[in-house]
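**Q** Can you read through this structure? Questions will come right after.
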Amino acid sequence: MMYYATKRTVKNGAAQTPANYSYTDHAEAERQFHLLCAAAIRNDDGAEVTSVEWGTIEQGAIERKVWMAPAPVEEAPVEPEET
């Protein structure tokens, strides 16, 4: 069987070129999946949405995870206290 791991991201509202990895070894594909998950959790590239998946070419996805960056929260202006 042929295994794969892939990472897809959306940044600034546009889909980015996916990172694709092919393997003939189950353990190596799963390892790459977890490495991609770790990178997605850190979100150093500032993506709004990150999807990481691994599986087989023949049977499709085994596991998929999605992360969405939290929307910025606008804080209400603080009014000075009257004394």
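The values are calculated or read from the model by the stated rules, or taken from the named source; none is laboratory data. No experiment lies behind these values; they were computed from the predicted model shown. In this analysis, Cβ positions are derived from the backbone assuming ideal geometry, glycine residues included, and neighbour counts consider all displayed protein chains. All accessible areas refer to the heavy atoms of the entire protein, side chains included, with ligands and DNA or RNA removed. Shrake-Rupley method; radii C 1.70, N 1.55, O 1.52, S 1.80 Å.
**Q** Keeping to the range 50-60, report how many residues are open to solvent by 60 Å² or more (accessible area, probe 1.4 Å) and touching a strand residue (DSSP E or B) at 6+ places or on another chain (Cβ under 7 Å).
**A** 1
**Q** Please determine whether any residue of the range 7-15 is assigned to a strand (DSSP E or B), touching a Leu at 6+ places or on another chain (Cβ under 6 Å) and open to solvent by less than 90 Å² (accessible area, probe 1.4 Å).
**A** yes
**Q** Among the residues of the range 16-42, what is the count of those that are over 12 Å from the mean Cα position of the chain (by Cα) and not in a helix (DSSP H, G or I)?
**A** 7
**Q** Right, something else. Being open to solvent by 70 Å² or more (accessible area, probe 1.4 Å), outside any helix (DSSP H, G or I), at pLDDT below 95 and of a type in the set (G, A, S) narrows it down to one of A76, A47, so name that one.
**A** A76
**Q** Give the range 61-73 a look and list any residue that's modelled with pLDDT of 95 or more and either acidic (D, E) or surrounded by fewer than 11 Cβ atoms within 10 Å (Cβ to Cβ) (or both), or say none.
**A** Of everything in the range 61-73, just one residue is modelled with pLDDT of 95 or more and either acidic (D, E) or surrounded by fewer than 11 Cβ atoms within 10 Å (Cβ to Cβ) (or both), namely E63.
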